[in-house]
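Colleague: Provided herewith is a single structure, encoded as C-alpha coordinates, for subsequent inquiry.
The values are calculated or read from the model by the stated rules, or taken from the named source; none is laboratory data. None of these values were measured; they are calculated from a predicted model. Don't worry about glycine lacking a Cβ; one is built from the backbone with ideal geometry, like all the others, and counts go over all protein chains shown. Side chains are part of the model used for accessible areas, which takes the heavy atoms of the whole protein and leaves out ligands, DNA and RNA. Shrake-Rupley method; radii C 1.70, N 1.55, O 1.52, S 1.80 Å.
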Amino acid sequence: MSSKSQLTYSARASTHPNALVKKLFEVAEAKKSNVTVSADVTTTKELLDLADRLGPYIAVIKTHIDILSDFSEETTTGLKALAEKHNFLIFEDRKFIDIGNTVQKQYHGGTLRISEWAHIINCSVLPGEGIVEALAQTASAEDFPYGSERGLLILAEMTSKGSLATGQYTTSSVDYARKYKKFVMGFVSTRHLGEVQSEVSSPSEDEDFVVFTTGVNLSSKGDKLGQQYQTPESAVGRGADFIIAGRGIYAAPDPVEAAQRYQKEGWDAYLKRVGAQ
(Lines give C-alpha, C1' and ligand atoms only; values in the text may rest on other atoms or scores of the structure.)
Protein backbone atom coordinates (compact mmCIF):
# COMPACT_ATOMS: atom_id res chain seq x y z
CA MET A 1 0.00 0.00 0.00
CA SER A 2 1.22 3.52 -0.76
CA SER A 3 2.85 5.41 2.11
CA LYS A 4 0.36 8.23 1.49
CA SER A 5 -2.40 5.90 2.70
CA GLN A 6 -0.76 5.80 6.12
CA LEU A 7 -1.15 9.57 6.50
CA THR A 8 -4.18 11.32 7.95
CA TYR A 9 -6.67 13.02 5.66
CA SER A 10 -5.59 16.42 7.02
CA ALA A 11 -1.93 15.69 6.30
CA ARG A 12 -2.76 14.62 2.76
CA ALA A 13 -5.00 17.65 2.27
CA SER A 14 -2.25 20.05 3.34
CA THR A 15 0.03 19.03 0.47
CA HIS A 16 -2.39 17.72 -2.15
CA PRO A 17 -2.16 19.52 -5.54
CA ASN A 18 -5.79 18.76 -6.51
CA ALA A 19 -8.19 21.33 -5.04
CA LEU A 20 -11.20 19.01 -5.08
CA VAL A 21 -9.33 16.18 -3.35
CA LYS A 22 -8.14 18.71 -0.77
CA LYS A 23 -11.76 19.74 -0.16
CA LEU A 24 -12.88 16.11 0.03
CA PHE A 25 -10.29 15.29 2.69
CA GLU A 26 -11.25 18.42 4.63
CA VAL A 27 -14.92 17.39 4.55
CA ALA A 28 -14.03 13.89 5.78
CA GLU A 29 -11.90 15.25 8.61
CA ALA A 30 -14.47 17.83 9.69
CA LYS A 31 -17.31 15.29 9.78
CA LYS A 32 -15.26 12.26 10.89
CA SER A 33 -16.78 10.35 8.00
CA ASN A 34 -15.44 8.50 4.98
CA VAL A 35 -18.89 7.26 3.97
CA THR A 36 -20.31 7.66 0.49
CA VAL A 37 -23.96 6.70 0.39
CA SER A 38 -25.16 5.30 -2.91
CA ALA A 39 -28.67 6.76 -3.10
CA ASP A 40 -30.15 4.40 -5.68
CA VAL A 41 -33.71 5.64 -5.31
CA THR A 42 -36.09 6.47 -8.16
CA THR A 43 -37.85 9.73 -7.26
CA THR A 44 -36.64 13.24 -6.51
CA LYS A 45 -38.51 13.28 -3.21
CA GLU A 46 -36.77 10.10 -2.03
CA LEU A 47 -33.37 11.39 -3.13
CA LEU A 48 -33.69 14.79 -1.45
CA ASP A 49 -35.19 13.25 1.68
CA LEU A 50 -32.28 10.80 1.96
CA ALA A 51 -29.73 13.54 1.29
CA ASP A 52 -31.22 15.72 4.02
CA ARG A 53 -31.54 12.96 6.61
CA LEU A 54 -28.17 11.32 5.95
CA GLY A 55 -26.25 14.48 5.06
CA PRO A 56 -24.77 15.06 8.54
CA TYR A 57 -23.12 11.62 8.56
CA ILE A 58 -21.65 11.29 5.06
CA ALA A 59 -18.80 12.80 3.08
CA VAL A 60 -20.27 12.12 -0.37
CA ILE A 61 -23.63 11.25 -1.87
CA LYS A 62 -23.48 9.09 -5.00
CA THR A 63 -26.32 9.39 -7.48
CA HIS A 64 -27.56 7.51 -10.52
CA ILE A 65 -29.48 10.51 -11.75
CA ASP A 66 -30.83 8.74 -14.85
CA ILE A 67 -32.86 6.25 -12.77
CA LEU A 68 -35.06 9.03 -11.39
CA SER A 69 -38.55 8.90 -12.88
CA ASP A 70 -39.13 12.65 -12.36
CA PHE A 71 -35.75 14.32 -12.93
CA SER A 72 -36.01 18.12 -13.24
CA GLU A 73 -34.19 21.29 -12.28
CA GLU A 74 -35.79 20.91 -8.83
CA THR A 75 -33.74 17.74 -8.39
CA THR A 76 -30.35 19.32 -8.92
CA THR A 77 -31.19 22.65 -7.27
CA GLY A 78 -32.34 20.77 -4.16
CA LEU A 79 -29.33 18.47 -4.17
CA LYS A 80 -26.87 21.36 -4.45
CA ALA A 81 -28.60 23.21 -1.60
CA LEU A 82 -28.39 20.15 0.65
CA ALA A 83 -24.72 19.64 -0.22
CA GLU A 84 -24.08 23.19 0.99
CA LYS A 85 -26.26 22.74 4.09
CA HIS A 86 -24.64 19.50 5.24
CA ASN A 87 -21.15 19.90 3.74
CA PHE A 88 -20.93 16.88 1.44
CA LEU A 89 -19.87 16.39 -2.18
CA ILE A 90 -21.99 15.00 -5.03
CA PHE A 91 -20.73 12.08 -7.12
CA GLU A 92 -22.74 11.22 -10.24
CA ASP A 93 -22.05 7.57 -11.01
CA ARG A 94 -22.61 7.96 -14.75
CA LYS A 95 -19.75 5.65 -15.78
CA PHE A 96 -19.05 7.44 -19.04
CA ILE A 97 -17.96 4.96 -21.70
CA ASP A 98 -17.93 6.33 -25.25
CA ILE A 99 -15.81 8.26 -27.71
CA GLY A 100 -14.49 11.62 -26.56
CA ASN A 101 -16.84 13.80 -28.59
CA THR A 102 -19.88 12.02 -27.17
CA VAL A 103 -18.83 12.07 -23.51
CA GLN A 104 -18.11 15.79 -23.70
CA LYS A 105 -21.74 16.35 -24.70
CA GLN A 106 -23.03 13.92 -22.08
CA TYR A 107 -21.02 15.62 -19.33
CA HIS A 108 -21.40 19.28 -20.22
CA GLY A 109 -24.84 19.46 -21.79
CA GLY A 110 -27.85 17.34 -22.61
CA THR A 111 -30.84 16.88 -20.36
CA LEU A 112 -28.88 16.03 -17.22
CA ARG A 113 -26.30 18.88 -17.37
CA ILE A 114 -24.05 16.84 -15.07
CA SER A 115 -21.15 19.28 -15.01
CA GLU A 116 -23.38 21.93 -13.40
CA TRP A 117 -24.05 20.02 -10.17
CA ALA A 118 -21.80 16.95 -9.77
CA HIS A 119 -18.43 17.55 -8.12
CA ILE A 120 -17.24 14.05 -9.05
CA ILE A 121 -17.86 11.86 -12.10
CA ASN A 122 -16.42 8.55 -13.22
CA CYS A 123 -15.60 6.75 -16.45
CA SER A 124 -14.47 3.42 -17.81
CA VAL A 125 -11.33 3.45 -19.94
CA LEU A 126 -12.53 0.71 -22.30
CA PRO A 127 -12.76 3.28 -25.14
CA GLY A 128 -9.07 4.14 -24.59
CA GLU A 129 -7.20 7.24 -23.47
CA GLY A 130 -9.44 9.55 -25.50
CA ILE A 131 -12.28 9.40 -22.99
CA VAL A 132 -10.09 10.69 -20.16
CA GLU A 133 -8.51 13.29 -22.42
CA ALA A 134 -11.94 14.53 -23.56
CA LEU A 135 -13.36 14.90 -20.06
CA ALA A 136 -10.18 16.57 -18.80
CA GLN A 137 -10.25 18.91 -21.79
CA THR A 138 -13.83 19.94 -21.01
CA ALA A 139 -13.00 20.68 -17.38
CA SER A 140 -9.93 22.75 -18.28
CA ALA A 141 -11.57 24.83 -21.00
CA GLU A 142 -11.47 28.60 -20.48
CA ASP A 143 -15.26 28.86 -20.64
CA PHE A 144 -15.84 26.02 -18.15
CA PRO A 145 -17.22 27.84 -15.09
CA TYR A 146 -16.54 25.25 -12.40
CA GLY A 147 -12.77 24.91 -12.68
CA SER A 148 -11.13 23.15 -9.76
CA GLU A 149 -14.50 22.13 -8.25
CA ARG A 150 -14.75 19.11 -10.56
CA GLY A 151 -12.89 15.82 -10.71
CA LEU A 152 -12.85 12.37 -12.31
CA LEU A 153 -12.57 8.88 -10.85
CA ILE A 154 -11.49 6.10 -13.20
CA LEU A 155 -13.40 2.85 -12.81
CA ALA A 156 -10.33 0.64 -12.44
CA GLU A 157 -11.96 -2.40 -10.80
CA MET A 158 -15.48 -3.58 -9.98
CA THR A 159 -16.88 -5.70 -7.14
CA SER A 160 -19.28 -7.74 -9.29
CA LYS A 161 -18.52 -11.46 -9.70
CA GLY A 162 -16.58 -12.24 -12.88
CA SER A 163 -15.64 -8.59 -13.50
CA LEU A 164 -13.37 -8.14 -16.53
CA ALA A 165 -11.88 -4.93 -15.11
CA THR A 166 -8.56 -6.61 -14.31
CA GLY A 167 -5.01 -6.93 -15.61
CA GLN A 168 -4.11 -4.64 -18.50
CA TYR A 169 -7.38 -2.73 -18.13
CA THR A 170 -6.49 -1.79 -14.54
CA THR A 171 -2.89 -0.97 -15.48
CA SER A 172 -4.10 1.33 -18.28
CA SER A 173 -6.48 3.01 -15.82
CA VAL A 174 -3.48 3.91 -13.65
CA ASP A 175 -1.43 5.07 -16.64
CA TYR A 176 -4.20 7.47 -17.75
CA ALA A 177 -4.68 8.75 -14.21
CA ARG A 178 -1.00 9.65 -14.01
CA LYS A 179 -1.11 11.40 -17.37
CA TYR A 180 -4.19 13.49 -16.53
CA LYS A 181 -3.72 13.90 -12.79
CA LYS A 182 -4.89 17.52 -12.74
CA PHE A 183 -8.42 16.24 -13.36
CA VAL A 184 -8.25 12.59 -12.28
CA MET A 185 -8.72 12.38 -8.52
CA GLY A 186 -8.25 8.65 -8.25
CA PHE A 187 -10.07 5.38 -8.75
CA VAL A 188 -13.09 3.30 -8.02
CA SER A 189 -11.28 0.10 -7.09
CA THR A 190 -11.14 -2.70 -4.56
CA ARG A 191 -7.67 -1.78 -3.30
CA HIS A 192 -4.96 0.85 -3.40
CA LEU A 193 -3.39 1.05 -6.86
CA GLY A 194 -0.45 3.33 -6.07
CA GLU A 195 2.07 0.54 -6.46
CA VAL A 196 1.01 -0.35 -10.02
CA GLN A 197 3.88 -0.07 -12.47
CA SER A 198 3.91 -0.50 -16.22
CA GLU A 199 6.17 0.12 -19.18
CA VAL A 200 4.42 3.48 -19.59
CA SER A 201 4.56 4.93 -16.08
CA SER A 202 5.71 4.34 -12.52
CA PRO A 203 4.45 5.95 -9.30
CA SER A 204 6.05 9.25 -8.34
CA GLU A 205 6.87 10.25 -4.76
CA ASP A 206 4.11 12.86 -4.60
CA GLU A 207 1.45 10.59 -6.12
CA ASP A 208 -1.72 10.50 -4.02
CA PHE A 209 -4.76 9.11 -5.80
CA VAL A 210 -7.97 8.70 -3.82
CA VAL A 211 -9.59 5.26 -3.65
CA PHE A 212 -13.36 4.78 -3.51
CA THR A 213 -14.47 1.19 -2.86
CA THR A 214 -17.97 0.00 -3.68
CA GLY A 215 -19.87 -2.99 -2.35
CA VAL A 216 -19.51 -2.22 1.34
CA ASN A 217 -22.17 -3.86 3.50
CA LEU A 218 -22.20 -4.82 7.17
CA SER A 219 -24.91 -7.45 6.98
CA SER A 220 -24.73 -9.15 3.58
CA LYS A 221 -22.19 -11.14 1.56
CA GLY A 222 -23.80 -10.42 -1.81
CA ASP A 223 -26.93 -10.58 -3.93
CA LYS A 224 -28.40 -12.81 -6.63
CA LEU A 225 -27.06 -10.59 -9.42
CA GLY A 226 -23.38 -11.11 -8.69
CA GLN A 227 -22.63 -8.27 -6.29
CA GLN A 228 -20.00 -9.20 -3.68
CA TYR A 229 -19.81 -7.25 -0.44
CA GLN A 230 -17.12 -6.50 2.11
CA THR A 231 -17.07 -4.72 5.47
CA PRO A 232 -15.88 -1.15 6.09
CA GLU A 233 -12.88 -2.53 7.99
CA SER A 234 -11.77 -4.86 5.19
CA ALA A 235 -12.29 -2.19 2.51
CA VAL A 236 -10.32 0.50 4.37
CA GLY A 237 -7.68 -2.05 5.30
CA ARG A 238 -7.09 -2.79 1.61
CA GLY A 239 -6.67 0.90 0.80
CA ALA A 240 -10.13 2.44 0.48
CA ASP A 241 -10.15 6.11 1.42
CA PHE A 242 -13.91 6.30 0.99
CA ILE A 243 -16.37 3.44 1.36
CA ILE A 244 -19.49 3.29 -0.80
CA ALA A 245 -22.57 1.72 0.80
CA GLY A 246 -25.96 1.54 -0.86
CA ARG A 247 -28.64 -0.90 0.21
CA GLY A 248 -26.98 -1.41 3.58
CA ILE A 249 -27.95 2.18 4.38
CA TYR A 250 -30.87 3.39 2.27
CA ALA A 251 -32.79 0.09 2.46
CA ALA A 252 -32.22 -0.35 6.22
CA PRO A 253 -35.23 -0.12 8.57
CA ASP A 254 -33.65 3.08 9.95
CA PRO A 255 -31.34 4.63 7.33
CA VAL A 256 -30.07 7.31 9.73
CA GLU A 257 -29.03 4.74 12.34
CA ALA A 258 -27.41 2.67 9.59
CA ALA A 259 -25.48 5.67 8.25
CA GLN A 260 -24.20 6.37 11.75
CA ARG A 261 -23.00 2.75 12.07
CA TYR A 262 -21.14 2.90 8.77
CA GLN A 263 -19.70 6.28 9.73
CA LYS A 264 -18.32 4.90 13.01
CA GLU A 265 -17.00 1.65 11.52
CA GLY A 266 -15.45 3.39 8.52
CA TRP A 267 -13.82 6.05 10.69
CA ASP A 268 -12.52 3.53 13.22
CA ALA A 269 -10.97 1.52 10.36
CA TYR A 270 -9.34 4.70 9.01
CA LEU A 271 -7.93 5.62 12.44
CA LYS A 272 -6.52 2.11 12.77
CA ARG A 273 -4.87 2.36 9.35
CA VAL A 274 -3.16 5.67 10.10
CA GLY A 275 -2.10 4.52 13.57
CA ALA A 276 -4.30 6.96 15.47
CA GLN A 277 -6.23 4.33 17.41
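Colleague: Residues that are out of contact with any Phe, Trp or Tyr (no Cβ under 9 Å at 6 or more places or on another chain) and at positive phi: which helices (runs of 4 or more DSSP H) entirely in the range 98-183 hold 1 or more of them? I'd like the intermediate steps shown before the answer.
Modeller: Values: elements: 100-107, 129-140, 167-179.
Because the criterion is at least 1 residues that are out of contact with any Phe, Trp or Tyr (no Cβ under 9 Å at 6 or more places or on another chain) and at positive phi, the helices (runs of 4 or more DSSP H) in the range 98-183 that meet it are 167-179.
Colleague: Which one of the conditions (1) assigned to a loop (DSSP other than H, G, I, E, B); (2) more than 23 Å from residue 89 (Cβ to Cβ); (3) of a type in the set (Val, Ile, Thr) does residue 190 fail to meet, given that it meets all the rest?
Modeller: With respect to (1) assigned to a loop (DSSP other than H, G, I, E, B); (2) more than 23 Å from residue 89 (Cβ to Cβ); (3) of a type in the set (Val, Ile, Thr), residue 190 is out only on (2).
Colleague: Within the group 63, 36, 76, 15, which residue is of a type in the set (S, T, N, Q), out of contact with any Pro (no Cβ under 9 Å at 6 or more places or on another chain) and farther than 30 Å from residue 130 by Cβ?
Modeller: The match here is 15.
Colleague: Shifting gears a bit: Given the criteria more than 26 Å from residue 261 (Cβ to Cβ) and buried (at least 17 other Cβ atoms within 10 Å of the Cβ), does residue 44 qualify? Write out each step before concluding.
Modeller: Details: more than 26 Å from residue 261 (Cβ to Cβ): yes; buried (at least 17 other Cβ atoms within 10 Å of the Cβ): yes.
When the stated conditions are applied, residue 44 passes them.
Colleague: Tell me, please, whether a residue that is out of contact with any helix residue (DSSP H, G or I) (no Cβ under 8 Å at 6 or more places or on another chain) and surrounded by fewer than 16 Cβ atoms within 10 Å (Cβ to Cβ) can be found in the range 50-64. Lay out the reasoning, then the answer.
Modeller: As a first pass, look at the range 50-64 and keep what is out of contact with any helix residue (DSSP H, G or I) (no Cβ under 8 Å at 6 or more places or on another chain): 62, 64.
So of that shortlist, the ones also surrounded by fewer than 16 Cβ atoms within 10 Å (Cβ to Cβ) come out as none.
So far as the range 50-64 goes, no, none of its residues is out of contact with any helix residue (DSSP H, G or I) (no Cβ under 8 Å at 6 or more places or on another chain) and surrounded by fewer than 16 Cβ atoms within 10 Å (Cβ to Cβ).
Colleague: Taking the range 21-42, which residues are under 12 Å from the mean Cα position of the chain (by Cα) and under 17 Å from residue 82 (Cα atoms)? Let's see the steps before the verdict.
Modeller: Of the range 21-42, the ones under 12 Å from the mean Cα position of the chain (by Cα) are 21, 24, 34-38.
If the condition is that a residue be under 12 Å from the mean Cα position of the chain (by Cα) and under 17 Å from residue 82 (Cα atoms), then 24, 35, 36, 37, 38 are the ones that fit.
Colleague: If you don't mind, another one. Kindly indicate whether any position in the range 168-182 is open to solvent by less than 30 Å² (accessible area, probe 1.4 Å), under 18 Å from the mean Cα position of the chain (by Cα), modelled with pLDDT of 95 or more and aliphatic (A, V, I, L, M).
Modeller: yes
Colleague: In the set 85, 161, which member is open to solvent by 30 Å² or more (accessible area, probe 1.4 Å), closer than 22 Å to residue 214 by Cβ, more than 15 Å from the chain's Cα centre (by Cα) and of a type in the set (Lys, Arg)?
Modeller: The unique qualifying residue is 161.
Colleague: Taking the range 82-97, which residues are in contact with a helix residue (DSSP H, G or I) (Cβ under 9 Å, 6 or more places away or on another chain) and part of a helix (DSSP H, G or I)?
Modeller: Taking the range 82-97 first, the residues in contact with a helix residue (DSSP H, G or I) (Cβ under 9 Å, 6 or more places away or on another chain) are 82-83, 85-90, 92-94, 96-97.
Answer for the range 82-97, where residues must be in contact with a helix residue (DSSP H, G or I) (Cβ under 9 Å, 6 or more places away or on another chain) and part of a helix (DSSP H, G or I): 82, 83, 85, 86.
Colleague: On to the next question. Here are some residues: 239, 186, 194. Which one is modelled with pLDDT of 95 or more and either farther than 12 Å from residue 35 by Cα or over 17 Å from the mean Cα position of the chain (by Cα) (or both)?
Modeller: On the way: 239 fails: modelled with pLDDT of 95 or more; 194 fails: modelled with pLDDT of 95 or more.
When all the criteria are applied, what remains is 186.
Colleague: May I pose another question? Show the residue pairs meeting these rules: Cβ distance below 8 Å; 6+ apart or different chains; first residue within the range 67-95 and touching a residue at least 40 places away in the same chain (Cβ under 8 Å); second residue open to solvent by 70 Å² or more (accessible area, probe 1.4 Å) and assigned to a loop (DSSP other than H, G, I, E, B).
Modeller: Here the result reads 71/111; 76/113, each pair linking the range 67-95 to a residue that is open to solvent by 70 Å² or more (accessible area, probe 1.4 Å) and assigned to a loop (DSSP other than H, G, I, E, B).
Colleague: Follow-up question, since we're still on this one. What do you reckon, is residue 71 outside any strand (DSSP E or B), open to solvent by 10 Å² or more (accessible area, probe 1.4 Å) and of a type in the set (Phe, Trp, Tyr)? If you could, list the steps in order and put the result at the bottom.
Modeller: Details: outside any strand (DSSP E or B): yes; open to solvent by 10 Å² or more (accessible area, probe 1.4 Å): yes; of a type in the set (Phe, Trp, Tyr): yes.
Spelling it out, residue 71 is indeed outside any strand (DSSP E or B), open to solvent by 10 Å² or more (accessible area, probe 1.4 Å) and of a type in the set (Phe, Trp, Tyr).
Colleague: Can you confirm whether the range 148-162 contains a residue that is in contact with a Ser or Thr (Cβ under 8 Å, 6 or more places away or on another chain), more than 29 Å from residue 230 (Cα to Cα) and not basic (Lys, Arg)?
Modeller: We begin by selecting, within the range 148-162, every residue in contact with a Ser or Thr (Cβ under 8 Å, 6 or more places away or on another chain); these are 150, 154-159.
From what is left, the residues that are more than 29 Å from residue 230 (Cα to Cα) are none.
No.
Colleague: Under the condition of being open to solvent by less than 40 Å² (accessible area, probe 1.4 Å) and more than 17 Å from residue 188 (Cβ to Cβ), which residue from the range 88-101 is nearest to the chain's Cα centre (by Cα)? Steps first, please.
Modeller: From the range 88-101, those open to solvent by less than 40 Å² (accessible area, probe 1.4 Å) are 88-93, 96, 100; that's our starting set.
Among the residues that remain, those that are also more than 17 Å from residue 188 (Cβ to Cβ) are: 88, 100.
Working: 88: 12, 100: 21 Å.
Checked the range 88-101; the qualifying residue nearest to the chain's Cα centre (by Cα) is 88.
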